[in-house]
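Have a look at the structure below before the remarks.
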Amino acid sequence: MQEIVLAAFSVLSSLLIVFGLVLLGWYLVWKFFLSRFRFVRELLGGMSESSPVNDLKNGRSRMKRIRKED
């Protein structure tokens, strides 16, 4: 009986560790890579106006407008 409990515990703990590592990996990939693409953000729930990527794009377009005026 003790071996069955130990085997079940080891299987469940292994699955939890693997699931946690997969979630951590997806979070890091989202944070450092995928969130930069507007298409992926739109697929996963829309776009927020205050995202750093949009602020960066707006800043670049303002810089282009200023340069064109000079």
In nm, spacing of pseudo-spin labels at GLU42 and MET1 (7 Å Cα→C-beta vector): 6.1 nm
Gain in span if fully extended, LEU16 to LEU34, counting 0.36 nm per residue against the direct Cα distance: 4.0 nm
Most to least packed among 25-34, 3-12 [average Cβ atoms within 10 Å]: 25-34, 3-12
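All of the numbers you see were taken from the coordinates with simple rules; none came from a lab. Nothing here was measured: the structure is a model prediction, and the numbers come from that model. With ideal geometry, Cβ positions are generated from the backbone for all residues, glycine too; neighbour counts draw on all protein chains shown.
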